[in-house]
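Have a look at the structure below before the remarks.
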Amino acid sequence: MKKARIRKKSKARPLIISLIAIIAVIAVIWILLSLHNTANTTNNAYKAFWQALVEAELSSNIQESLVYVVPHIVIVNNNTVTAIEIGEIVNKTFWDSILSLQAKKSAGVVQIPVYTGQTVIGYVNINESRLNELLKSIVSGSGPHIIMFGLTTCPHCHNMYTFFKQNYAGIFTVYWLDTNKVEY
């Protein structure tokens with residue numbers, strides 16, 4: 001009569017399974033950290049752009065009480081800022097015309113009209129290379145792009161957010177200043 005062979009469990013098998021599980025957990029953590037760092041880099045780029053915009057507006061004698069008003073909307077065309085709108089305006093005809101503006105450049109300086117409503121209230125002058133440096137990490141492509149700076153608690157910002165999402169979804173980005181978050 002033959003004896004049945006009893007198979008001994010390998011001591012290495014649980015060790016290998018544990019090692020694979022540890023490697024999987026490390027990989028997931030690494031991926032999550034990479035995504036978090038990418039989001040922080042993007043958010044920081046928008047924050048730096050906002051700070052440069054405020055400085056440029058103040059140095060260009062835009063009324064200080066308007067400089068920090070939200071919504072603050074920046075139009076980018078052909079990789080440069082072509083207009084700034086301060087406040088809420090839900091007029092598609094106006095936005096269509098603003099989106100077609102081209103930058104006015106002279107001696108390495110971009111002159112940007114600043115609007116409240118449909119009225120130009122002044123111009124911001126900003127160094128073209130500085131502007132390009134700020135824009136390269138937040139805008140890609142040469143077509144028009146709308147960047148809105150707002151607060152999550154502002155009803156005017158939410159009205160503009162809804163308007164832009166409905167009318168310009170593919171070219172619209174919002175940076176919520178109070179939460180340091182970017183939405184596309």
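The values are calculated or read from the model by the stated rules, or taken from the named source; none is laboratory data. All of these numbers come straight from a predicted model, not from anything done at the bench. Every residue, glycine among them, receives a Cβ derived from its backbone with ideal geometry; neighbour counts consider all protein chains shown.
General observations
- Odd one out for Val139 among (1) modelled with pLDDT of 95 or more; (2) surrounded by 18 or more Cβ atoms within 10 Å (Cβ to Cβ): (1)
- When residues of region 158-181 are limited to those that are under 18 Å from Val54 (Cα atoms) and among the hydrophobic types (A, V, I, L, M, F, W, C), the one surrounded by the fewest Cβ atoms within 10 Å (Cβ to Cβ): Leu177
A quick yes/no check of all residues on (1) over 22 Å from Val174 (Cβ atoms); (2) in a helix (DSSP H, G or I):
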{"residue": "Asp96", "(1), (2)": "no, yes"}
{"residue": "Lys105", "(1), (2)": "yes, no"}
{"residue": "Val110", "(1), (2)": "yes, no"}
{"residue": "Tyr123", "(1), (2)": "yes, no"}
{"residue": "Leu131", "(1), (2)": "no, yes"}
{"residue": "Val139", "(1), (2)": "no, no"}
{"residue": "Thr152", "(1), (2)": "no, no"}
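- Tally, over region 81-123, of residues that are in contact with a helix residue (DSSP H, G or I) (Cβ under 6 Å, 6 or more places away or on another chain), surrounded by 14 or more Cβ atoms within 10 Å (Cβ to Cβ) and modelled with pLDDT of 95 or more: 4
- Scanning region 115-149 for residues that are in contact with a Leu (Cβ under 8 Å, 6 or more places away or on another chain) and closer than 12 Å to Ile98 by Cα returns Pro144, Ile146.
- Among residues of region 65-76, those that are crowded, with 19+ Cβ neighbours inside 10 Å and either in a strand (DSSP E or B) or of a type in the set (A, V, I, L, M, F, W, C) (or both), counted: 6
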